[in-house]
Structure formats: C-alpha cells, structure tokens
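Asks: Shown below is the structure under consideration.
The values are calculated or read from the model by the stated rules, or taken from the named source; none is laboratory data. Here the structure is a predicted model, which means the values were calculated and not measured. No Cβ is skipped: glycine too gets one built from the backbone with ideal geometry, and neighbour counts run over all protein chains shown.
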Amino acid sequence: MLGGTGELETRRASAIVWGAILGVLATCLFGVPFTRVTIEPLPFMAPLSVGLALAGAGWYYGNRRCEPKLAAAFDCMGQSLVFPLAAALGSYLVITMGFPMQDAALHRLDLALGLDWVAWLGWLDRHAWLAPLLTFAYNSYMFQGLILTLVLCFSGRAMAARSMILAMLVAGAVTVVISGLLPALSTFEYLKLSPADYPNLRPAAAFIHLRDLLALHAGDAFVFDTTRTQGIITFPSYHAALALILLFAGWSHPLLRWPFVVLNIGMIVATPIDGGHYFVDVFAGLGIACVAHVVARRVLAPRPAERYKLRPAGQSQVFAKF
C-alpha cells in the first residue's frame with residue numbers, strides 16, 4: 001500500500017511520543033533499586049498494560065482498518081495512561097535524594113515580589129463562594145485531558161493532541177527533576193496553618209501529600225502504590241504547567257477555545273490555595289509549560305513534503321527520505 005506523507009508524519013509523531021514516554025519510564029525504573037522505594041506490581045502494571053493495549057488498538061486501526069481518527073484516539077489515550085506512571089514514579093524517587101527543603105526561600109521570593117500568600121488566603125476565605133468554582137477547575141485536569149484528546153483526534157487535529165501529550169511529558173520531566181533538587185513542603189505546612197485559619201475553605205490538596213513526602217525525604221522504606229499516590233511536587237507547580245498546556249491545546253479547536261481558556265485560568269488561580277503552592281511555584285510552572293509547548297510543537301512539526309520521494313521502480317513503493 002502506498003503511504004502518504006501525512007501517514008508517515010503520524011507514525012513519526014507517535015514513535016517520538018512513545019519513545020519519550022518509555023524512555024522516561026525506563027529511566028525511573030532503572031533508578032528504583034538505588035532507593036528504598038518498591039513498587040506495588042498490580043496497580044502499576046494495570047494502567048501500563050491497558051495503555052499498551054490501547055496503543056496496539058491504535059496500530060491495528062491505523063494499519064489494518066485505515067481509520068486514522070480512531071487510530072489516533074486509541075494511540076493518544078494509551079499515551080495518556082502511561083506517561084502519568086512515569087511522572088508519578090519519578091516525582092517520588094527524586095525526593096529520596098534528601099536535598100534541603102526550600103520553603104523559606106520560596107516564601108521570601110513571594111514577599112520580595114510583593115505577593116502576600118496569607119493575605120490572598122484571607123481574601124478567598126472572605127469570598128468563599130468562589131472556592132467551589134476554583135476547586136472544580138483545579139480538579140478538572142484529567143477530565144480536560146480526556147475531552148481534549150478525543151475531540152482533537154476525532155476532529156482531525158490529532159497532531160495537536162500529540163503535541164499536548166508530549167508537552168505534558170516534557171514539562172513533567174523538567175518539573176520532577178527540579179522538585180528533587182529544590183524540594184518543599186507546602187505553604188500550609190511551612191506557615192503552620194490549620195483549618196481554623198481558613199474556616200470557609202476546603203483546599204483540595206493542603207496536607208494530603210505530606211506523609212508520603214516526609215517519608216521519602218527521610219529515606220524510609222516506601223511502597224509506591226498508584227492507587228494512593230499524591231501530587232507531592234511543590235516547586236515548580238505541575239498543576240500550573242498542565243493548565244497552560246491544556247489551554248494551548250484547547251485553543252486549537254474553535255468550539256473548545258474559550259471554555260478551556262476560562263477553565264484553565266481558573267485552575268491557575270486555584271493552584272496557590274488548593275495546591276498549597278507559593279506564587280513563585282505557579283510562575284515557574286507556567287514558564288516550564290511555555291518552553292515545553294514550544295519544544296513539543298517543534299519536535300512534532302511536519303517535515304517539508306519535498307524531503308520525501310518515491311523509491312525507484314523495483315523497490316518497495318513507499319515514501320523514503322532523501
């Protein structure tokens with residue numbers, strides 16, 4: 001069968017994204033024996049197996065059934081299941097390096113920028129009607145990713161979906177590395193706040209990560225179980241990075257554009273309180289997202305058509321690079 005340039009670019013993009021995902025995952029697995037972390041096998045293997053099975057379904061519908069939109073949807077959904085495994089495992093492993101906590105420095109940076117986190121907490125507590133809306137936005141990233149992946153793939157914008165996933169992976173890898181070198185607890189823990197200090201709020205992730213974070217930082221034996229993992233990264237904010245990457249992806253579809261702008265601005269605004277992040281965490285996450293978006297777009301950019309040609313007669317009739 002004669003393959004077109006679009007088909008070759010699709011295969012190339014899929015191979016790049018899967019190569020990056022599996023490369024990061026392999027690096028994390030290689031690092032496990034050097035820590036006191038062990039992996040609970042079944043919860044780890046289940047999403048990995050489903051993700052790879054979805055990739056297999058994508059290959060089947062792309063190569064045997066010639067249904068490119070369905071193939072892209074299966075493939076991207078598989079990638080979306082597997083790359084969080086690598087990101088989550090990596091975030092847990094890097095904390096075991098035991099570098100000093102940086103909460104004091106991050107708090108000083110906020111104040112140096114004229115940003116008073118406690119004042120923002122108090123304002124939001126006095127306007128608590130906003131809190132459920134912000135918490136909804138903060139918790140919407142998985143739902144957003146699913147909707148974007150399916151809508152972009154089935155509307156012929158699969159490359160935008162692949163770019164989104166690769167940007168998430170790049171941002172996640174950078175965030176994980178930095179979080180290991182510059183670990184931090186959270187604003188709530190550093191400032192020694194309790195629910196009595198914000199009676200009208202119920203932050204989504206104020207303290208739930210601390211048990212895992214402190215155990216890993218102390219070098220205690222730890223079992224990594226994906227059914228109960230938490231987001232343990234403070235600096236930079238991966239939530240803020242995800243919000244901007246999702247906003248960029250939503251912008252590529254005319255019907256999703258403005259709803260996703262509003263939703264993801266809400267996620268960014270929610271991150272300091274619902275995520276227990278310093279303001280500089282959010283700024284750093286947004287900067288990483290911009291870089292990751294540009295990197296993903298350039299890596300996956302279609303190659304000029306003139307770089308492909310048909311092989312001479314007598315050879316397999318497929319496109320080949322010069």
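Asks: Would you mind finding the one in Gly180, Gly172 that is under 17 Å from Ile233 (Cβ atoms), crowded, with 22+ Cβ neighbours inside 10 Å and in contact (Cβ under 8 Å) with a residue 24 or more places away in the chain?
Replies: None of the other options fit; the residue is Gly172.
Asks: If you check Ala57, Ala53, which single one turns out to be more than 19 Å from the chain's Cα centre (by Cα) and buried (at least 16 other Cβ atoms within 10 Å of the Cβ)?
Replies: Ala57
Asks: Out of all the residues in segment 211-229, which are crowded, with 16+ Cβ neighbours inside 10 Å and at pLDDT below 95?
Replies: Across segment 211-229, the qualifying residues are Thr226, Thr229.
Asks: Every residue in segment 238-264 that is in contact (Cβ under 8 Å) with a residue 60 or more places away in the chain, of a type in the set (A, V, I, L, M, F, W, C) and not in a loop (DSSP other than H, G, I, E, B), please.
Replies: Across segment 238-264, the qualifying residues are Ala241, Leu242, Ala243, Ile245, Leu246, Phe248, Ala249, Phe260, Leu263.
Asks: Evaluate the following for Ile268: is it in a helix (DSSP H, G or I), in contact (Cβ under 8 Å) with a residue 40 or more places away in the chain and either buried (at least 17 other Cβ atoms within 10 Å of the Cβ) or not aliphatic (A, V, I, L, M) (or both)?
Replies: No.
Asks: Anything in segment 183-207 that is under 26 Å from the mean Cα position of the chain (by Cα) and surrounded by fewer than 15 Cβ atoms within 10 Å (Cβ to Cβ)? List them, or say none.
Replies: Answer for segment 183-207, where residues must be under 26 Å from the mean Cα position of the chain (by Cα) and surrounded by fewer than 15 Cβ atoms within 10 Å (Cβ to Cβ): just Arg202.
Asks: Determine if segment 201-211 includes at least one residue that is of a type outside the set (Ser, Thr, Tyr) and part of a helix (DSSP H, G or I).
Replies: The answer is yes; a qualifying residue exists.
Asks: Sticking with this one: I'd like to verify a number: residues in segment 60-108 that are part of a helix (DSSP H, G or I) and not aliphatic (A, V, I, L, M), how many?
Replies: Matching residues across segment 60-108 total 20.
Asks: How many of the residues in segment 106-121 are surrounded by fewer than 19 Cβ atoms within 10 Å (Cβ to Cβ) and either free of Cβ contacts under 8 Å to residues at least 40 places away in the same chain or under 14 Å from Thr271 (Cβ atoms) (or both)?
Replies: Summing the residues that are surrounded by fewer than 19 Cβ atoms within 10 Å (Cβ to Cβ) and either free of Cβ contacts under 8 Å to residues at least 40 places away in the same chain or under 14 Å from Thr271 (Cβ atoms) (or both) in segment 106-121 gives 8.
Asks: Give the residue that is surrounded by the fewest Cβ atoms within 10 Å (Cβ to Cβ), with candidates limited to residues of segment 130-166 that are in a helix (DSSP H, G or I) and polar (S, T, N, Q).
Replies: Thr135
Asks: Considering each of Leu111, Leu48 in turn, give the residue that is assigned to a helix (DSSP H, G or I) and more than 30 Å from Tyr198 (Cβ to Cβ).
Replies: That would be Leu48, the only listed residue that is assigned to a helix (DSSP H, G or I) and more than 30 Å from Tyr198 (Cβ to Cβ).
Asks: Let me ask something else about it. For segment 271-303, enumerate the residues that are buried (at least 20 other Cβ atoms within 10 Å of the Cβ) and not in a helix (DSSP H, G or I).
Replies: Gly275, Gly276, His277, Tyr278, listed by residue number.
Asks: Right, next: Give Met77, Met97 a once-over and let me know the one that is under 18 Å from the mean Cα position of the chain (by Cα), on the phi < 0 side of the Ramachandran plot and not polar (S, T, N, Q).
Replies: Of Met77, Met97, the one residue that is under 18 Å from the mean Cα position of the chain (by Cα), on the phi < 0 side of the Ramachandran plot and not polar (S, T, N, Q) is Met77.
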